[in-house]
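Trainee: Quick one: structure below, then a few questions.
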Amino acid sequence: MESALEIKDLTVSFSSEGRKVEVVSGLSLSVPRGKIVGVVGESGCGKTVTALSVMRLIPEPPGRIEGGEIIFDGADILRSSDRDMRALRGNRISMIFQEPISSLNPVFTVGDQVGESLRTHLNITKKEEKERVIALLKLVGIPAPESRMKNYPHELSGGMSQRVMIAMALACSPEVLIADEPTTALDVTIQAGILELIDDLRVRLGMSVLLITHDLGIIAEVADAVYVMYAGKVVEHAVTRDLFKNPKHPYTVGLLNSIPDLRGLKEKLDAIPGVVPSPGSFPPGCRFQDRCPLAIDKCRNEEPPFSEHAAGHYSACWRADEVTLQV
Amino acid sequence: MTLKELVKIERLKKYFPVQSGVLSRVTNHVKAVDGVDMTISEGETVGLVGESGCGKTTLGKTIIKLLEPTEGSIYFRSDDITGLSPSRMRPYREKMQIVFQDPYGSLNPRMKVESIVSEGLAIHNISTPGERKGIVRELLRTVGLREDALPRYPHEFSGGQRQRIAIARALALNPEFIVCDEPISALDVSVQAQIINLFMELQEKFRLTYLFISHDLRVVRHISDRVAVMYLGKVVELAPSGELYKNPLHPYTRVLISSVPVADPDRQKKMTVLKGDVPSPIDPPAGCSFHPRCPIAVEKCSSVEPELRDAGGGHLVSCHLA
Amino acid sequence: MTETKSAGYWGSVWRKFKRDRLALSALIVILLLLFIAVFESFLAGNKPIVLKYEGHYYFPVVFRYSEFFGTNFKELDKKLGPGDFAIFPPVRYSPTENDLNSILNAPSGEHPFGTDDRGRDVLARMIYGARISLSIGFIAVGISAAIGIILGGMAGYYGGTTDFIVSRLFEVMMTFPVFFLILTILAFRDPSIYNIMIVIGATSWTGVARLIRGEFLKLRKFEYVEAAVALGGNDFRVMMKHMLPNALAPVLVDSTFGIAGAILVESGLSFLGFGVPPPDPSWGDVLSQSQRYVDFAWWLVLFPGAAIFLTVTAFNLLGEGFRNSIDPKFTGNE
């Protein structure tokens, strides 16, 4: 299938106090046109850094993109000029951030902020801008957009602010939308609405979405395919149903078993032991080996390759074929 | 049920004044907790769910008197502790503890783990300073931390480990009742499960009673014997957890349950999206406070406030239509 | 956990502070000034530090000896026999020693910083002035910090009526121009060095009080403070153990600036003649003499002016460096 966005072998490092630490190591993923691709992982796994790399928003220094390519529309984003990048950002590729409240500028009205990227990227009149802003706010489900656009961010609830953020991201009908934990700061009832909205817009506008989250439940609800990240690497990739029904990496199994079930009984959860490693303190060999119930000597010494274990189902595990949902 | 009552609250209210104008005159009140009745029995876990701003944290803090209630009564083992002065409250402080949400904000950054965990012992003059070290060591082992944590500062630990330290601090005084205020929401998924397991082990080991506050229905379902659902300062439904999830009676509970994303791609997608926003707790709607957003509201709902009544088998609900 | 040794809060502040060259130099200047202030009588004076006279050892700087009562040691120096010796401080003049033969001498080998209108050695007066200036700075700030912490702490912790009363008190205090308030008070009381310290301290606490009040209001909502209340800790314990240590860093920064301010105020007062009473030396006092001889006695302007400038700048740079090195990681409000 044709890719709207493709990341090849991306490596990003950050340096602090003179020490350079790899945060993302040789990451490859692709977002097919018109699909929602999920990236799951815990804190420090590199998922946000990946998203920021696509937007070329990694602060340099301390950050540095060490290598790799990010292909969008046939060209490598990492090699395009800052000017080209500005033309792309917020126009053809947009991003939604986790914290809606702090991502909005408190001194401008909602209308001003949604209209900003229209003014920057499109050559339109004031009247057209106003019409587009109203249409966008209506699209993301904000009631009474004509009066809402005159509000300041502090007058909006969390759900409303996140909708405004999405309206801003959608202002120029982007081809690719990157959503970094778009609902983590929100309540479940609002989360449901936002997820439904993103899916609805994908269908209507033909957007491709890279959805970054820590919640496998969200992935199961909306994503077509999943990449599971651990310690700066992709450890498993498959279409959503395959990944949930037949996981091929012990970390994925651990994550799935960590989530209490709504139908579940009061019993012990199969927690993954140990702590989430922080960049710079990854163990040798397979980076999951020190927390893995299946780890053998080989895992401690050699890094497993990321290989195909079933059609379209990739995993980086020496014992992938022995992995089952009940470890 | 023949269980003994441990904590009982009656018509509990907590209002926060809203000041405005140059003279800071109190013009209004945020009705964070607006008349809650609840009984928590020895050894059980009562889950408390609701969305942000529904008053669940305020309720938890008011029950253990971190906040002074505006109205109503709190009983601990049938002693009325509502109006007790700080000094007369002290013996009860030993029995009622709290674990907070933010493992970064709940530990004093200038104190070593040893002094953090032993502080309760020092305050209540339990054992000699020399013996305390041994007690703290034992506590750390109980919560799954190594002894070498003793001389360290909180910033040297990960979120999950910090939460274990906070739990050790709460356990130091041998409490009977612990309010767990979103204790796992700030943690990574794989670590959340460890902490949930720890809470359950500790409950068994020390016969603890929990009020477990969370916005995550999956976690609450997992750990609780009974679950209370809060909306705008009131409990709208309270039932044994299996019953509540199988047979939710309040329309708000139904929406909440259907909104939870489930890690099963084969599940029928049937998320119900609520209309509108949560109304302001300063001026909640008349009648049933959920009626402006309720998909099944009738005329009566906008004028008459429903009472929390037993719909059979200890399943309490406050809805005219249930 | 990769570190093996636990670095406390102040350890990490020091690590960051060390990297700031300017602040580190300021700290060295201040330590040097403190050294001068502490050992002033070993650095300047007309008595020898060690004296061997007629086979006995004497330490006239440290002890008083009845045998030397009324003795001019400079004369004695000439009368020393074989085997006797006298070690004098590097500056061989006392700050209060008049010498009518050398009035208003320009800097020379004998008087490196020159002399004033009574023939007193300016360098000696500057060395003794360091102690007075620094003690006024430190003690005045100590007084203002104590008042500020108590009042601000109560306002922030208890809120309500206490806060209302204390906050109005701040506002009243802040409407007074502090310098003129001090002048007025000193007009009624004798301007001893202690009165100057107390008056400066008692009129400049509003900054600290406001800082502490703000920090306490913020910290009051911190979960570790609530946890201490839940453990049964009383108000005093909660404030002293959990709130004050976490609120202190900005106060220390402010106090550093406050010391600079107090030294300036004292210099200003002395310059106007309301300061440390004569014959006690202070930098402002030396500077004030220059008023009359400014057309030629440049050394009376340059040296005390430079000393005040250097000290005030050093304290300000120290405060600045200190503010930058207070690591937000530890304050718990990321």
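The values are calculated or read from the model by the stated rules, or taken from the named source; none is laboratory data. The shown structure was predicted, so the numbers you read here are calculated from the model rather than taken from an experiment. Cβ atoms come from the backbone with ideal geometry, glycine included; neighbour counts cover every protein chain shown. Quick note on the areas: whole protein, heavy atoms, side chains included, nothing else; ligands and nucleic acids left out. Shrake-Rupley method; radii C 1.70, N 1.55, O 1.52, S 1.80 Å.
Trainee: Report the Cα centroid-to-centroid distance between region C:57-124 and region A:160-184 in angstrom, as an integer.
Mentor: Measuring centre to centre over Cα atoms gives 82 Å.
Trainee: Further question: Roughly what % of Cα-Cα distances in chain C sit above 38 Å, to the whole percent?
Mentor: Numbers: 17825 of 55611 pairs.
So the pairs more than 38 Å apart make up 32 percent of the total in chain C.
Trainee: Any idea what the relative contact order of chain C is, in percent, if you count C-alpha pairs under 8 Å spaced at least 6 apart? Intermediate results must be reported in sequence, preceding the final value.
Mentor: Values: 483 pairs, mean separation 71.2, N = 334.
Worked out over chain C, it gives 21 percent.
Trainee: Right, something else. Within a 10 angstrom radius of each residue's Cβ in C:251-260, how many Cβ atoms of other chains show up on average? Whole number is fine. Please list the in-between numbers first.
Mentor: Details: counts 0, 0, 0, 0, 0, 0, 0, 0, 0, 0.
The mean count of partner-chain Cβ atoms within 10 Å per residue comes to 0.
Trainee: While we're here: Using only Cα atoms and rounding to the nearest 10 degrees, what angle (0 to 90) does helix A:158-170 make with the longest principal axis of chain A?
Mentor: 80 degrees
Trainee: Along the charge dipole of chain C, Cβ charges K/R +1 and D/E -1, which of C:Gly232, C:Gly321, C:Ala86 sits furthest on the positive end?
Mentor: My answer, from the dipole projection, is C:Gly232.
Trainee: Where does the Debye-calculated log10 I(q)/I(0) of chain B sit at q = 0.11 Å⁻¹, using only Cα point scatterers of equal weight, no solvent?
Mentor: Here the Debye-derived log intensity ratios amount to -0.75.
Trainee: Turning to a different aspect of this structure: Please report the buried accessible area for the interface of A with B, total over both chains, probe 1.4 Å, in Å² to the nearest 100.
Mentor: Details: alone 16030 and 15940 Å², together 28130 Å².
Roughly 3800 Å².
Trainee: Same structure, new question: Sort region B:257-316 into rounded, prolate or oblate with this rule: let a ≥ b ≥ c be the square roots of the eigenvalues of the Cα gyration tensor; rounded if a/c is under 1.5, and if a/c is not under 1.5, prolate when a/b is larger than b/c, oblate otherwise.
Mentor: Numbers: a/c = 2.48, a/b = 1.49, b/c = 1.66.
Cα axes put region B:257-316 in the oblate bin.
Trainee: Along the three principal axes, how long is the protein assembly as shown when you take its alpha carbons, biggest first, rounded to the nearest angstrom?
Mentor: 111, 72, 68
Trainee: Here's a follow-up. Counting only protein heavy atoms, what percent of the accessible surface of region C:174-273 is carbon or sulfur at a 1.4 Å probe?
Mentor: Working: 2860 of 4170 Å².
For region C:174-273, the apolar C and S fraction of the accessible surface comes to 69 percent.
Trainee: Compute the Cα gyration tensor for region B:170-322, then decide on rounded, prolate or oblate, letting a ≥ b ≥ c be the square roots of its eigenvalues: rounded whenever a/c is under 1.5, prolate when a/b is larger than b/c in the other cases, and oblate in all that remain.
Mentor: Working: a/c = 2.00, a/b = 1.57, b/c = 1.27.
It is prolate, given that a/c is not under 1.5 and a/b is the larger ratio.
Trainee: Same structure, new question: A drop of at least 50 square angstrom in accessible area, chain alone versus all protein chains together, probe 1.4 Å. Which residues of region B:211-233 meet that?
Mentor: Residues shielded by partner chains are B:Arg218, B:Arg221, B:His222.
Trainee: Per-residue ellipticity at 222 nm for the protein assembly as shown, helices alone: DSSP H runs ≥ 4 residues times -39500 (n - 2.57), over residue total, nearest 500 deg cm²/dmol? Don't skip to the answer; put the middle values down first.
Mentor: Values: 35 runs with 409 residues, N = 983.
After summing the helix terms and dividing by residue count, I get -13000 deg cm²/dmol.
Trainee: By how many degrees, 0 to 90 and rounded to 10, does the Cα axis of helix C:9-18 deviate from the longest principal axis of chain C?
Mentor: Tilt relative to chain C: about 50 degrees.
Trainee: Could you list the square roots of 5 times each eigenvalue of the Cα gyration tensor of region C:193-311, that is, the equivalent ellipsoid semi-axes, sorted largest first and rounded to whole Å? Working shown, then result.
Mentor: Working: eigenvalues 399, 35, 17 Å².
The answer is 45, 13, 9 Å, longest axis first.
Trainee: In region B:165-250, what percent of the accessible surface is made up of carbon and sulfur (1.4 Å probe, ligands and nucleic acids excluded)?
Mentor: Values: 900 of 2010 Å².
The nonpolar share, carbon plus sulfur, comes to 45 percent.
Trainee: Which whole-number percentage describes the relative contact order of region C:209-313, with Cα contacts under 8 Å and a sequence gap of 6 or more? If you can, show how the numbers build up before the last one.
Mentor: Details: 75 pairs, mean separation 20.9, N = 105.
Computed over region C:209-313, the figure is 20 percent.
Trainee: Let me check I have the definition right: for region B:149-233, take the eigenvalues of the Cα gyration tensor, multiply each by 5, take square roots. What are those semi-axes in whole Å, largest first?
Mentor: Details: eigenvalues 102, 53, 28 Å².
After diagonalising the Cα gyration tensor, the semi-axes are 23, 16, 12 Å.
Trainee: To continue, here is another question. Which GluC sites (Glu not before Pro) does region A:225-318 hold that lie in a coil by DSSP with at most 14 other beta carbons within 10 Å?
Mentor: Values: sites: A:Glu236, A:Glu267, A:Glu302, A:Glu308; in loops: A:Glu267, A:Glu302.
The qualifying sites are A:Glu267, A:Glu302.
Trainee: On to the next question. Find the accessible area per residue for chain A; the probe is 1.4 Å, ligands and nucleic acids are left out, and the unit is Å². Each step should come with its number before you reach the end.
Mentor: On the way: 14080 Å² over 327 residues.
For chain A, the per-residue accessible area is 43 Å².
Trainee: Using a loss threshold of 30 Å², tell me which positions in region B:176-193 are less accessible in the complex than in their chain alone. Probe radius 1.4 Å, ligands and nucleic acids ignored.
Mentor: When all protein chains are present, B:Asp188, B:Val189, B:Ser190, B:Ala193 each give up 30 Å² or more of accessible surface.
Trainee: Moving to a separate point now. What whole-number volume per residue, in cubic angstrom, does the convex hull of the C-alpha atoms of region C:245-310 give? Mind showing how you got there, number by number?
Mentor: Working: hull volume 5.9 nm³, N = 66.
Convex hull volume per residue, Cα atoms: 89 Å³.
Trainee: Might you report the magnitude of the Cβ-based charge dipole of region A:80-162 about its Cα centre, with Lys and Arg at +1 and Asp and Glu at -1, to the nearest 20 debye?
Mentor: Values: 12 positive and 10 negative charges, 46 e Å.
That gives region A:80-162 a dipole magnitude of about 220 debye.
Trainee: While we're on this one: With the solvent-accessible surface defined on protein heavy atoms using a 1.4 Å probe, which residues belonging to region C:202-231 display a reduction of at least 20 Å² in accessible area in the multichain context relative to the isolated chain?
Mentor: With the partner chains in place, region C:202-231 has these residues losing at least 20 Å²: C:Glu223, C:Tyr224, C:Glu226, C:Ala227, C:Val229, C:Ala230, C:Leu231.
Trainee: Of all accessible surface on region A:1-69 at a 1.4 Å probe, what whole percent is carbon and sulfur?
Mentor: Details: 1350 of 2920 Å².
Here carbon and sulfur together make up 46 percent of the probe-accessible area.
Trainee: For region B:1-114, what ratio Rg/Rh do Cα atoms give with a Kirkwood hydrodynamic radius?
Mentor: Working: Rg = 16.4 Å, Rh = 16.1 Å.
For region B:1-114, the value is 1.02.
Trainee: Over the Cα atoms, compute the radius of gyration (one decimal) and Dmax (the largest Cα-Cα distance, rounded to a whole number) for region A:43-164, in Å.
Mentor: Here Rg and the maximum Cα pair distance are 16.6, 47 Å.
Trainee: At q = 0.09 Å⁻¹, what is the base-10 log of I(q)/I(0) for chain A according to the Debye formula with one equal point scatterer per Cα and no solvent? Please give it to two decimals.
Mentor: Each listed q maps to, in turn, -0.50.
Trainee: Once you have the Kirkwood Rh of region A:237-311 from its Cα pairs, apply Stokes-Einstein at 4 °C and 1.567 mPa s and quote D in µm²/s.
Mentor: Roughly 91 µm²/s, to the nearest whole number.
Trainee: Express the accessible area of chain C per residue in Å², computed with a 1.4 Å probe while the remaining protein chains stay in the model.
Mentor: Details: 16490 Å² over 334 residues.
Result: 49 Å² per residue.
Trainee: In 10 Å bins starting at 0, how do the alpha-carbon pair distances of region B:95-207 split up by percent?
Mentor: All Cα pairs considered, the percentages come to 15, 51, 32, 3.
Trainee: Within 10 Å of each Cβ in C:242-248, how many Cβ atoms from other chains are there, averaged over the peptide?
Mentor: Values: counts 4, 1, 1, 4, 4, 0, 1.
That works out to 2 on average.
Trainee: Now for a different question. Mean-square fluctuation check for chain B, GNM, Cα pairs under 10 Å: which of B:Val235, B:Val136, B:Val262 is largest?
Mentor: It is B:Val262.
Trainee: Could you tell me how many degrees, from 0 to 90 and to the nearest 10, lie between the Cα long axis of helix C:244-271 and the main elongation axis, the longest principal axis, of the Cα atoms of chain C?
Mentor: Once rounded, the angle reads 40 degrees.
Trainee: Roughly how many Å² is the accessible area per residue of region B:104-250, as a whole number, for a 1.4 Å probe? Please list the in-between numbers first.
Mentor: Numbers: 4360 Å² over 147 residues.
Result: 30 Å² of accessible area for each residue.
Trainee: Top mean-square fluctuation among B:Ser87, B:Ser158, B:Ser280, Gaussian network model of chain B, C-alpha springs under 10 Å?
Mentor: Ranking B:Ser87, B:Ser158, B:Ser280 by mean-square fluctuation puts B:Ser87 first.
Trainee: Which trypsin sites (Lys or Arg not before Pro) in region B:182-233 pass both tests, a DSSP loop state and at most 12 other beta-carbon atoms within 10 Å?
Mentor: On the way: sites: B:Lys205, B:Arg207, B:Arg218, B:Arg221, B:Arg226; in loops: B:Arg207.
When the trypsin sites (Lys or Arg not before Pro) of region B:182-233 are filtered for loop state and at most 12 Cβ neighbours within 10 Å, B:Arg207 remain.
Trainee: Rounded to the nearest 20 debye, what is the charge dipole size of region A:184-327 about its Cα centre when +1 sits on each Lys and Arg Cβ and -1 on each Asp and Glu Cβ? All intermediate terms of the calculation are to be shown ahead of the outcome.
Mentor: Numbers: 14 positive and 19 negative charges, 45 e Å.
With only Lys, Arg, Asp and Glu charged at Cβ, the dipole is about 220 debye.
Trainee: Related question: Can you give the % of DSSP beta bridges in the protein assembly as shown that are antiparallel, to the nearest 5?
Mentor: Working: 68 of 106 bridges.
Taking every DSSP beta bridge within the protein assembly as shown, about 65 percent pair in antiparallel fashion.
Trainee: Enter the buried accessible area of the A/C pair, total of both sides, probe 1.4 Å, in Å² rounded to the nearest 100. Don't skip to the end; give the middle numbers.
Mentor: Numbers: alone 16030 and 17970 Å², together 33920 Å².
The summed interface area works out to 100 Å².
Trainee: What does the charge add up to near C:Ala260, with Lys and Arg as +1, Asp and Glu as -1, over the other residues with Cβ less than 13 Å from its Cβ? Before the final figure, lay out each step's value.
Mentor: Details: positive: none; negative: C:Asp254, C:Glu266, C:Glu320.
Neighbour charge sum, excluding C:Ala260 itself: -3.
Trainee: Taking both sides together, what accessible area is buried at the C/B interface, probe 1.4 Å, expressed in Å² and rounded to the nearest 100? Walk me through the numbers before you get to the answer.
Mentor: On the way: alone 17970 and 15940 Å², together 31140 Å².
Chains C and B together bury roughly 2800 Å² of accessible area.
Trainee: Would you mind working out the magnitude of the charge dipole of region B:162-307 relative to its Cα centre, with +1 at each Lys and Arg C-beta and -1 at each Asp and Glu C-beta, to the nearest 20 Debye?
Mentor: Working: 17 positive and 17 negative charges, 57 e Å.
In debye, rounded to 20, region B:162-307 gives about 280.
Trainee: State whether region C:16-97 is rounded, prolate or oblate according to the following rule on the C-alpha gyration tensor (a ≥ b ≥ c being the square roots of its eigenvalues): a/c under 1.5 gives rounded; otherwise a/b larger than b/c gives prolate, and the remaining case gives oblate.
Mentor: Values: a/c = 3.55, a/b = 2.95, b/c = 1.20.
It comes out prolate by the Cα gyration axes.
Trainee: While we're on this one: Please report Rg over Rh for region C:108-190, where both radii come from the alpha carbon positions and Rh follows the Kirkwood definition. Let's see the in-between values first.
Mentor: On the way: Rg = 20.5 Å, Rh = 16.5 Å.
Value, to two decimals: 1.24.
Trainee: So which trypsin sites (Lys or Arg not before Pro) in region A:197-283 pass both tests, a DSSP loop state and at most 16 other Cβ atoms within 10 Å of the Cβ? Write out the running numbers ahead of the final one.
Mentor: Values: sites: A:Arg202, A:Arg204, A:Lys233, A:Arg241, A:Lys245, A:Lys248, A:Arg263, A:Lys266, A:Lys268; in loops: A:Lys248, A:Arg263, A:Lys266, A:Lys268.
For trypsin sites (Lys or Arg not before Pro) across region A:197-283 that sit outside H, G, I, E and B with at most 16 neighbouring Cβ atoms in 10 Å, the list reads A:Arg263, A:Lys266, A:Lys268.
Trainee: If you don't mind, another one. How would C:Phe309, A:Phe97 line up by accessible area, probe 1.4 Å, largest first? Kindly include the intermediate steps, with their values, before the conclusion.
Mentor: Working: C:Phe309 140, A:Phe97 75 Å².
The ranking, largest first, comes out as C:Phe309, A:Phe97.
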